[in-house]
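Contents: one structure, followed by commentary.
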Amino acid sequence: MNLSGQLSETGLMEFTEEESALGNRKRLKIWVVVVDNAQAHFFCKPNQSLKKIGSGFPNDDIDQGNVSEGSLHRKTDEFLKDIAEFLNNAVTKKAIDCLILAAAPKSLGRLRSFLNKDVHQRINAELDKDLTHFNEKELYNYLDKALWF
């Protein structure tokens, strides 16, 4: 997966460092990941808003006019596996405490199958809807209404 944004520049380092204690409570690292077959957007929730921290795209551009259906499914699975591997790694490195996933139903089902049990334990909500076209504010407002975010 080709990453862009803050995640491509600093990796997970910023998210794995211990945050300052809030009294005796640690601030939860909440991530929202929205996915479709051609892109993934990663957001964190530092306060009462969302901050886009990166986007991911398949390693190979697919010319959909010259690709068989089977080949397209394999490329999509490779991309979803890359996203899952990234999330598995982020959870292992303690960059994510809580996770919200949103993807079209088929993509969400496939992505789920590639996630390890530690990631599954951090999933607080799943939305079987393609929200990749939302900006930070639209996504926050949508999640606030749908999940009391």
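Just so you know, the Cα atoms of the chain work out to an Rg and Dmax of 15.5, 58 Å.
Here the Karplus curve 6.51 cos²θ - 1.76 cosθ + 1.60, taken at θ = phi - 60°, turns the phi angles of segment 125-140 into couplings of 7, 10, 10, 8, 8, 7, 10, 5, 8, 7, 7, 4, 5, 4, 5, 4 Hz, with x standing for Gly and Pro.
If the segment from Trp148 to Ile123 were pulled out straight at 0.36 nm per residue, it would be longer than the present Cα-Cα gap by 7.4 nm. Based on Cα atoms of segment 87-136, Rg over Rh with Rh as the Kirkwood radius reads 0.98. For segment 2-147, the antiparallel share of DSSP beta bridges with both residues in that region comes to about 60%.
Since every read-out is calculated from the coordinates, none of them should be taken as a lab result. The structure presented is a predicted model; accordingly, all values stated were derived computationally and were not measured.
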